[in-house]
2 protein chains.
Amino acid sequence: MKRSFIREILEHTDAHTISFAGGLPDVGLFPRQALQVAAQKALCTPEALQYSTSTGYAPLKALIAQQYCDKGFATTADEILITSGSQQGLDIIARYHRGTGMTLESPSYLGALNIFTLNNISTYSVALGEDGIDLEAFKKSINHTALTYLIPDFQNPSGTCYTASHRRDLATVLQDSDTLLIEDAPYSEVYFDQPYPSISQLLPRQSYHLGSFSKVLAPALRIGWIRADSSLLQPLIAYKEAMDLHTSSITQRIVYEYLLDTEGYQTHLATLRTHYQEKMNHFADLLNKYLPNFHYARPKGGMFIYGKLEGIDTMKLVRECIEHGVVFVPGCEFDGAFDEIRFNYTHSTFEEIKRGLKRIALVLSLR
Amino acid sequence: MKRSFIREILEHTDAHTISFAGGLPDVGLFPRQALQVAAQKALCTPEALQYSTSTGYAPLKALIAQQYCDKGFATTADEILITSGSQQGLDIIARYHRGTGMTLESPSYLGALNIFTLNNISTYSVALGEDGIDLEAFKKSINHTALTYLIPDFQNPSGTCYTASHRRDLATVLQDSDTLLIEDAPYSEVYFDQPYPSISQLLPRQSYHLGSFSKVLAPALRIGWIRADSSLLQPLIAYKEAMDLHTSSITQRIVYEYLLDTEGYQTHLATLRTHYQEKMNHFADLLNKYLPNFHYARPKGGMFIYGKLEGIDTMKLVRECIEHGVVFVPGCEFDGAFDEIRFNYTHSTFEEIKRGLKRIALVLSLR
């Protein structure tokens, strides 16, 4: 199995390299002190350190279920399975459905593609348009696949956000099929103007909805979850148990203690949205200035700007850029076109964004 | 896939049930306050909350490597892969060797058997004697299997500890074969009188050695590791990455900060060993008193007493016992005989051990 370009880069670039590669949040936005307080509370009882149930810490599951209910998506704690990041959630689902066929977007999330390969799943790519996946091609593809994998909110890598009407159309199409939807939604809370309703909400008994605290709290917690109807969730529990017994109940309890301050969490989310929108606009303004031939649309949320540097082999380009202390991910890594690029705009500081984009412009001018 | 009897029991018994079932440590022995202090230190830097490398937190890997070196088993940080409990370590190795054949002990660890089934591994059981696995049968079996799975230290479920000479004999046999050894060693530090050298130490390039902090610090941390030669470890990293990106760097850093107080850790281990030996002797004394027909040997470490209640169907017995508020695991769950039982003696208090064993005696007397 091949390692991820992004994660290899994470391990091999030095501290001076400006990275637009990984999907890393801004370290300055982690609610570190509040999590430190939460950790003290979480570790007040010896039971917090003991083995725990495979499905997850019950009070945390109840809080997550409540968050769904607050959005009008009726959910009980029994419909939540806590996972070690939503990456593991994907693996559990794919492992249970091992060897089947899957319809997905092109381009799509690299970590998911790896998991599908590992689980011997045959993937059928359907092009992603401005409003979401191509509906006609999608209809044809799902006739042959038991699973569908979509990232409707500020997709990784494309940044695309499905329109509300496209979501409804997809739900209608799926309802008439035997396909189960896997909706990966790690960025759903990272919207700039407005939230979008999930597709799963329209298909509660035919979907796995994956959530994560990695983008909104901190990735190091490794806390994600699967929301699904009990009949779909039950068979997954044996897999979760076999894979790592259960997710750390220390980090689960830290998240739980943190979330108890509902107002604090909402304030944190509001700050994060404003800050990321400012960064995105800063990045886009400088792209227009330093890389005027880069064509893209400003995203409405999430962490990525995806676009095209017409005619330029971006894999070659990134190898030259590494020498000049700046990295990004070439589109081909996501099965995108050879001249496409994914930029992450959340990780670097405003000043680093400027320096990094100037370095890429320099590399292009030296050719 | 079947769920584990033990974990289902963990989820369904109430607070009044006395459990000799799960392999749970004594909550009173968790170094809770020291871990609380370690958590404060771990969360002092925002970088602790960011995505991290798939192989694990480098300073923790270095400390674990040093612990091997201190035992005379030369190891570098590059030969350590941090996993989400050693359960995940087993899964990573089994997944990489998917579909192959494996020689293992009978009885063996249930969680491992599940993982091997999940990864389509054909298992060949060899009987476990007093000194370890039957050497002659083992020699024949490994001719047909690419892997061997052993738990030489205070085995789960049998409590067996391989003698030093048996370990050397096994290493010699393995050296002449093409079989890779998976040595699962979660109880290696939980010895009562003396530690035992690992078999892997004699086969550094032909073995995966699995370690864990679950039994000696706290299971909720979910921190384990694989120690292997770089050539064996490298291909596993892509699997680890695909499965959950990386293990929580918060809990990794908590363990690291805790371990920096070397003397404190050694004192903790000494206390744990003494306390568990006292509990084991208490349990054994009461077994002799209340269940005189139960045949077993006192273990030299670990967490379990395994034995035989001649002619009694222990699966039937445990179902009756549940009604009377006490549980254990019948041997058949581990592919052991129908009249065998595994008792965990570490989890319950001294007083609960007495009450629990009296309840079992009562159930037997009512038959």
Contour minus Cα-Cα distance for residue A:98 and residue A:316 (0.36 nm per residue): 75.0 nm
Between copies, how far apart are the residue A:168 label points? List them in nm, one decimal, shortest first, with each point 7 Å from Cα toward Cβ, please? 8.0
Sorted largest first, extent of the stretch A:158-275 alpha carbons per principal axis (Å): 41, 41, 25
Exposure proxy ranking, count of Cβ atoms within 10 Å, fewest first, for A:335, B:176, A:14: A:14, B:176, A:335
From the P(r) of the stretch B:218-367, could you give the percentage of C-alpha pairs in the tail past 22 Å? 56
Residue pairs, from the table A:300/B:41; A:215/A:316; A:61/A:139; B:61/B:240; B:41/B:215; B:316/B:354, whose Cα atoms sit over 27 Å apart: A:300/B:41; A:215/A:316; A:61/A:139
Using unit Cβ charges (K, R positive; D, E negative) and no other charged atoms, how large, in debye to the nearest 20, is the dipole of the protein assembly as shown about its Cα centre? 360
Distances in nm from residue B:278 to the matching label points in the other copies, shortest first (labels 7 Å along Cα to Cβ): 5.9
If you put a point 7 Å past Cα along the Cβ direction, how far is that point for residue B:266 from the same point in each other copy, in nm, smallest first? 5.5
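Mind listing which GluC sites (Glu not before Pro) in the stretch B:245-316 are in a DSSP loop and have 12 or fewer other Cβ atoms within 10 Å?
Taking the stretch B:245-316 and a limit of 12 other Cβ atoms within 10 Å, the loop GluC sites (Glu not before Pro) found are B:310.
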Cα gyration tensor, the protein assembly as shown - rounded (a/c under 1.5), prolate or oblate: prolate
Distance in nm between label sites at residue B:163 and residue B:143, each 7 Å beyond Cα in the beta-carbon direction? 2.6
Counting other C-beta atoms within 10 Å, which of A:283, A:20 has the fewest, and how do the rest follow? A:283, A:20
What's the center-to-center distance, using Cα atoms, between the stretch A:149-176 and the stretch B:100-127 in Å? 43
17 Å Cα-Cα reach of residue B:140 towards aspartates and glutamates, excluding residues that sit fewer than 8 places from it in its own chain: B:105, B:169, B:176, B:178
Taking a ≥ b ≥ c as the square roots of the eigenvalues of the Cα gyration tensor, with a/c under 1.5 meaning rounded and otherwise prolate when a/b exceeds b/c and oblate if not, the stretch A:88-183 is oblate
How long is the gain from residue A:275 to residue A:47 if the chain were fully straight, where each residue apart is worth 0.36 nm and the alpha carbon distance is subtracted? 78.3 nm
Pull up the cross-link candidates among the aspartates and glutamates for residue B:279, meaning alpha carbon to alpha carbon under 14 Å and not fewer than 8 places away within one chain. B:26, B:351, B:352
Given points 7 Å out from each Cα along the Cα-Cβ axis, report the residue B:176 to residue A:352 separation in nanometres with one decimal. 5.8
Please rank B:173, B:190, fewest neighbouring Cβ atoms within 10 Å first, as an exposure proxy. B:173, B:190
Once the Cα gyration tensor of chain A is diagonalised, semi-axes √(5λ) in Å: 32, 26, 19
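Every number in this text was worked out from the coordinates using simple rules, so none of it is lab data. All values reported here derive from a predicted model rather than from experimental measurement. For neighbour counting, all protein chains shown are included, and Cβ atoms are generated from backbone atoms with ideal geometry for every residue, glycine included.
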